Each structure stands twice: as C-alpha cells, then as structure tokens.
C-alpha cells in the first residue's frame, strides 16, 4: 500500500486508538484539533467514538464544521465510528440535532439502553467475514433515508439491527473496531482512500 495521510478528529473521544491502528497499517496520521490543521491535504478522515454532542459543538466552536462538511460532500473518504456515525447521520431519531448530515441514514443514539450499554459480539461484515464488534453506549441505524436506499450498502447487522453501512465515500460503523485487534475494517477504509 502506498502511504496515505489520514486525518483523525482529535477534539474529544477515542481518537488515539484509531491513530494506532492506522499507523500499524502504514498510514501517516494527522490530528485535527484546530482550524489551521485543515490547511494540509489528507486522503481520508476518521470521526471517532466519544460524545457526539460535545464533538458537534466543538466542530462549530473551532470553526471546523463547514470545511469538513464541504470536504465530505466533495468526496473525501470518511470513516465514522459510534459518535462519528451520529455526526454523519442525516437524521437522529431521539435527538433534535443534526450534525454533518451527509450520510443518508436515521440513527438512534444510545440505542441499546443501560442494560446492554456495552457488549461484545462477532458478526459477519460484508466483504470481510466475521469480525469482533465492541459496542459501548452505541447507536444503531434504524433506517435508510427514503429514496436513498439504492445508494446505501448495509455491511453488517447485530441483534437484527443495522450496525455498519457504506455510501459512496462514507463508512458508518456503530461499534468500535479500533478497540479490537482485527484491523480489516480499517483496511477497508484505507482502500476507500486509495491505499
């Protein structure tokens, strides 16, 4: 693989683990912490798990929101996990906010409730095989936005719920692949970045 530069949103949440995984795969990583970090070129963007409300607020306060939204709409490959999936979603069923709104899905935040707030399973991911899935106060994808069904490929389900999708340049995952040793989902994203 040729060396790709991957930007990781590093304002809050589990960004360090994504950086570790990407560097293990030979990518160069840059942390996005302030607006000036956006002046460099990069081949892909990771939106990590964490608190979607806090991340969305910080993106606006740091004046990074519009630039990132424009780049994603312009075709920049983006990989959102857990809170990152919520940031990408066009609709959030149990939250009045919409953040970047670029991925044509409706998600439910903290969808598994307190009892199943965190759990681990292994399920099939299309094109990869069975992978470990760690869910931590995770969302899930309730539905594909009406009229956009042909654009969105469902990659995985867990507990009969959609937990991974791909739509053109966007990869949305409800769980935390960066917390498991299996790196095939990160490899899939690197391929989306041309690596």
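Kindly indicate whether residue 50 is without any contact (Cβ under 8 Å) to a residue 60 or more places away in the chain and part of a loop (DSSP other than H, G, I, E, B). So residue 50 passes the test.
Taken over the range 122-181, the criterion of being surrounded by fewer than 17 Cβ atoms within 10 Å (Cβ to Cβ) and under 20 Å from residue 69 (Cβ atoms) is satisfied by 145, 148, 151, 168.
One line per residue, one yes/no per condition, for (1) more than 22 Å from residue 167 (Cα to Cα); (2) touching a helix residue (DSSP H, G or I) at 6+ places or on another chain (Cβ under 8 Å); (3) at pLDDT 95 or above:
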residue	(1), (2), (3)
16	yes, no, yes
67	no, yes, yes
72	no, yes, yes
109	no, yes, no
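Among residues of the range 1-24 being part of a loop (DSSP other than H, G, I, E, B) and either in contact with a strand residue (DSSP E or B) (Cβ under 9 Å, 6 or more places away or on another chain) or free of Cβ contacts under 8 Å to residues at least 12 places away in the same chain (or both), the one that is surrounded by the fewest Cβ atoms within 10 Å (Cβ to Cβ) is 3. Taking residue 91, is it touching a residue at least 40 places away in the same chain (Cβ under 8 Å), farther than 30 Å from residue 39 by Cβ and in contact with a strand residue (DSSP E or B) (Cβ under 8 Å, 6 or more places away or on another chain)? Yes: the conditions hold for residue 91. Is there a residue in the range 28-38 that is out of contact with any strand residue (DSSP E or B) (no Cβ under 8 Å at 6 or more places or on another chain) and part of a helix (DSSP H, G or I)? Yes: the range 28-38 contains one or more residues that are out of contact with any strand residue (DSSP E or B) (no Cβ under 8 Å at 6 or more places or on another chain) and part of a helix (DSSP H, G or I).
Got at least one residue in the range 83-91 being outside any strand (DSSP E or B), over 11 Å from the mean Cα position of the chain (by Cα) and surrounded by fewer than 20 Cβ atoms within 10 Å (Cβ to Cβ)? Within the range 83-91, none of the residues are outside any strand (DSSP E or B), over 11 Å from the mean Cα position of the chain (by Cα) and surrounded by fewer than 20 Cβ atoms within 10 Å (Cβ to Cβ).
List the number of the failed condition for residue 71; all other conditions in (1) assigned to a helix (DSSP H, G or I); (2) over 17 Å from residue 100 (Cα atoms) hold. Only one criterion is unmet by residue 71, namely (2).
Among the residues of the range 113-131, write down those that are assigned to a strand (DSSP E or B) and farther than 17 Å from residue 79 by Cβ.
Of the range 113-131, the ones assigned to a strand (DSSP E or B) are 118-125, 129-131.
118, 119, 120, 121, 122, 123, 124, 129, 130, listed by residue number.
Residues in the range 137-169 that are touching a helix residue (DSSP H, G or I) at 6+ places or on another chain (Cβ under 8 Å) and modelled with pLDDT under 95: 139 alone. Answer yes if at least one residue in the range 31-46 is closer than 17 Å to residue 174 by Cα and free of Cβ contacts under 8 Å to residues at least 40 places away in the same chain, and no otherwise. Yes, the range 31-46 contains a residue that is closer than 17 Å to residue 174 by Cα and free of Cβ contacts under 8 Å to residues at least 40 places away in the same chain.
The values are calculated or read from the model by the stated rules, or taken from the named source; none is laboratory data. Bear in mind that the values here come from a model prediction, so they are computed numbers and not experimental data. Virtual Cβ from ideal backbone geometry, glycine too; neighbours counted across all protein chains shown.
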